[in-house]
1. For residue 142, list long-range residues whose amide hydrogen, built 1.01 Å from N in the peptide plane, is under 5 Å from its own amide hydrogen.
2. Near residue 110, within a Cβ-to-Cβ distance under 10 Å, what is the net charge of the other residues, with Lys and Arg +1 and Asp and Glu -1?
3. Give me the aspartates and glutamates in straight-line cross-link reach of residue 128: C-alpha distance below 16 Å, same-chain residues under 8 apart excluded.
4. Report the net charge of residues surrounding residue 190, where surrounding means a beta-carbon distance below 13 angstrom and charges are Lys +1, Arg +1, Asp -1, Glu -1.
5. Calculate how many DSSP beta bridges within the chain are antiparallel, expressed in % of all such bridges and rounded to the nearest 5.
6. Mind listing which chymotrypsin sites (Phe, Trp or Tyr not before Pro) in the range 96-169 are in a DSSP loop and have 14 or fewer other Cβ atoms within 10 Å?
7. Can you compute the helix-only [θ] at 222 nm over the chain? Use -39500 (n - 2.57) per DSSP H run of at least 4 residues, normalise by all residues, nearest 500 deg cm²/dmol.
8. Would the range 129-204 count as rounded, prolate or oblate if I go by the C-alpha gyration tensor, calling it rounded below 1.5 in a/c and otherwise prolate when a/b exceeds b/c, oblate otherwise?
Amino acid sequence: MAALQIHQIPCLQDNYGYLVHDPASGLTASIDTPDAAAIESALAERGWQLDYILNTHHHFDHAGGNLALKAKTGCVIVGSRADAARIPGIDVLVGEGDQFSLGTHQARVLETSGHTVGHICYVFDADKAAFVGDTLFSLGCGRLFEGTPAQMWTSLQKLMALPDDVRVYCAHEYTQGNGRFAVTMEPQNAALAARVAEVAALRSAGRPTVPSTIGLEKATNPFLRPASAELRATLAMPAAPDADVLGETRRRKDRF
């Protein structure tokens, strides 16, 4: 099976769009539509035709280009069954455990409420690639605009259960700012210190910090580390439930 081709597109101020392409069938999908013009340009550069849009959630910087791209290409829009009323132009409704086929490649749908109630992620298991929208960021997680800490912790645990070598394609270049906060939570975390230094070097060179990996995030991302004794000590929450630790970590990040 030919490898899934993934093209990362810087969009807007700090978004990333992604094109995923199956060389065997010639089929192409856009993960979200932050900037229709940027996506059209990337398609033209590669000679790819847009067949599908896979939306993670309804926010404008993720679904704002849906209708323009659908009008130009006739593509099929896939999105959350639980959030169908808010996904512009949706054609195919999916939910937890559903499979989406892009030619010879299969994406598994995870429901990951928290940032929004209807957020979903697409995991190409055989290709070791997870498109996580705004649920998980490198060294961070999405703000809880609609969901609860318990919902977000359940969602993050689904991603943590993926193999460590799965690449994490998140939707924003937030890593450097997230790192500044993360070191205040776990100042003695050597893996985190190394990651922060790596991120600084990448950004100084004008390079993206995304994708990350599940293993790297589990070692460095405070939102995946409520079991950390150091994090719990920082929060003065030595015996609290993991979801409560996540919630307090998120509240502190919101004020940081």
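1. Counting only residues 5 or more places away or on other chains, the set is 136, 137.
2. Spelling it out: positives minus negatives among the neighbours equals -1.
3. Filter leaves 22, 164, 165, 217.
4. Result for the neighbourhood of residue 190: -2.
5. Of the beta bridges lying entirely in the chain, close to 70 percent run antiparallel.
6. Here the sparse-neighbourhood loop sites are 145.
7. Only helices count here, giving -10000 deg cm²/dmol.
8. Judged from the Cα gyration tensor, the range 129-204 comes out prolate (a/c at least 1.5, a/b above b/c).
FYI, it's all coordinate maths here, none of it is from the lab. Remember, predicted model here, so these are calculated numbers, not experimental data. Neighbour counts run over all protein chains shown; Cβ positions are idealised from the backbone, glycine included.
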